[in-house]
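Q: The structure that follows is given in the form of structure tokens.
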Amino acid sequence: MKRRKVARIAGALLCAALLSGCAGSPTSTETPPAAPTATEVEAQVAEVTQALRALGPGVDPAEAARAAEIAVREPLDWARDWQVVDPPLVHNFKVVHGLREKGVCQDWADALEIALHAEGFRTLELHRALANARNMKLEHATVIITARGQPMQQGLILDPWRIGQGRLFFSRVADDPRYDWESREAVRAWNREWKARALAQL
């Protein structure tokens, strides 16, 4: 009975973490910028393409260009589909309270991972990452992309949630001023260990 109770509590805490995650950057509560122009989109696709190619000499330029197109353009479509018109934390509030169906950081990371994975890249590798997962108020999810075989910490963050309305934030992991990223697998292992310790204390 006690074990079931602990499991229910752990599940509730995990659910709370998912819903309260996506801590905002210092500008998250400000009005998000206007939708980007076609010229701005093209410029960012070129920037992201270059950043992906810079991950290593083995990165296929065509794959870098395709990944950049997906990462920059498709989140703008998802923002329209999900009716994301507010700053990130305001939209999170709407999702948590049932006013919108999608748009928390995990939704963006899920959609982007699926879209990129469908390309079957040979020279690029995808990583799902979580930041501050051991602190529910600060948890955030994203996709990190590396050259094939590189560790996640050498990769490029692709985060359509952080700026707002599907506009892509991208940065090398080492240069991200806001979050300390770790792999989803590492976080899941920590969660299993935490639950085991909780059960052992009964």
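The values are calculated or read from the model by the stated rules, or taken from the named source; none is laboratory data. These numbers were taken from a predicted model, which means no experiment stands behind them. Here Cβ is always computed from backbone atoms with ideal geometry, including for glycine, and neighbour counts include all displayed protein chains.
Q: Go over the candidates Ala133, Ala129 one by one and state the one that is at pLDDT below 95 and assigned to a loop (DSSP other than H, G, I, E, B).
A: Numbers: Ala129 fails: assigned to a loop (DSSP other than H, G, I, E, B).
Going through Ala133, Ala129 in turn, just one is at pLDDT below 95 and assigned to a loop (DSSP other than H, G, I, E, B): Ala133.
Yes/no per residue for (1) touching a residue at least 60 places away in the same chain (Cβ under 8 Å); (2) of a type in the set (S, T, N, Q):
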{"site": "Val59", "(1), (2)": "yes, no"}
{"site": "Glu69", "(1), (2)": "no, no"}
{"site": "Pro87", "(1), (2)": "yes, no"}
{"site": "Gly103", "(1), (2)": "no, no"}
{"site": "Gln154", "(1), (2)": "yes, yes"}
{"site": "Ile163", "(1), (2)": "yes, no"}
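Q: Looking at Val90, Val104, which one is over 22 Å from Glu182 (Cα atoms) and out of contact with any strand residue (DSSP E or B) (no Cβ under 8 Å at 6 or more places or on another chain)?
A: Val90
Q: If Gly149 passes every condition in (1) in contact (Cβ under 8 Å) with a residue 40 or more places away in the chain; (2) at positive phi but one, which one does it miss?
A: Status for Gly149: all satisfied but (1).
Q: When you go through (1) surrounded by 14 or more Cβ atoms within 10 Å (Cβ to Cβ); (2) farther than 28 Å from Val85 by Cβ; (3) in contact with an Asp or Glu (Cβ under 9 Å, 6 or more places away or on another chain); (4) modelled with pLDDT of 95 or more one by one for Gln154, which number turns out not to apply?
A: Of the numbered conditions (1) surrounded by 14 or more Cβ atoms within 10 Å (Cβ to Cβ); (2) farther than 28 Å from Val85 by Cβ; (3) in contact with an Asp or Glu (Cβ under 9 Å, 6 or more places away or on another chain); (4) modelled with pLDDT of 95 or more, the odd one out for Gln154 is (3).
Q: Considering the stretch 90-114 alone, what residues qualify as being closer than 20 Å to Ile157 by Cα and either among the polar types (S, T, N, Q) or surrounded by fewer than 16 Cβ atoms within 10 Å (Cβ to Cβ) (or both)?
A: So in the stretch 90-114, the residues closer than 20 Å to Ile157 by Cα come out as 103-114.
If the condition is that a residue be closer than 20 Å to Ile157 by Cα and either among the polar types (S, T, N, Q) or surrounded by fewer than 16 Cβ atoms within 10 Å (Cβ to Cβ) (or both), then Gln106, Asp110, Ile114 are the ones that fit.
Q: Continuing with the same structure: Which residues, taken from the stretch 160-170, are within 16 Å of Leu52 (Cβ to Cβ) and either in a loop (DSSP other than H, G, I, E, B) or touching a Leu at 6+ places or on another chain (Cβ under 7 Å) (or both)?
A: First, the residues of the stretch 160-170 that are within 16 Å of Leu52 (Cβ to Cβ): 160, 168-170.
Answer for the stretch 160-170, where residues must be within 16 Å of Leu52 (Cβ to Cβ) and either in a loop (DSSP other than H, G, I, E, B) or touching a Leu at 6+ places or on another chain (Cβ under 7 Å) (or both): Pro160, Leu168, Phe170.
Q: Kindly indicate the residue of the stretch 171-183 that is outside any strand (DSSP E or B) and surrounded by 16 or more Cβ atoms within 10 Å (Cβ to Cβ) and also modelled with the lowest pLDDT among those meeting that condition.
A: The initial filter retains those residues of the stretch 171-183 that are outside any strand (DSSP E or B), namely 173-180.
From the residues that got through so far, the ones that are surrounded by 16 or more Cβ atoms within 10 Å (Cβ to Cβ) too are 173, 176, 178-179.
Values: Val173: 96, Asp176: 93, Arg178: 88, Tyr179: 91.
So, considering only residues that are outside any strand (DSSP E or B) and surrounded by 16 or more Cβ atoms within 10 Å (Cβ to Cβ), the one modelled with the lowest pLDDT is Arg178.
Q: Any residue in the stretch 111-125 that is of a type in the set (S, T, N, Q) and at pLDDT 95 or above sitting within a Cβ distance under 7 Å of a residue that is surrounded by fewer than 19 Cβ atoms within 10 Å (Cβ to Cβ) and not in a helix (DSSP H, G or I)? List the pairs, counting only those 6 or more apart or interchain.
A: These pairs meet every condition: Thr123/Gly58; Thr123/Asp60; Thr123/Arg148.
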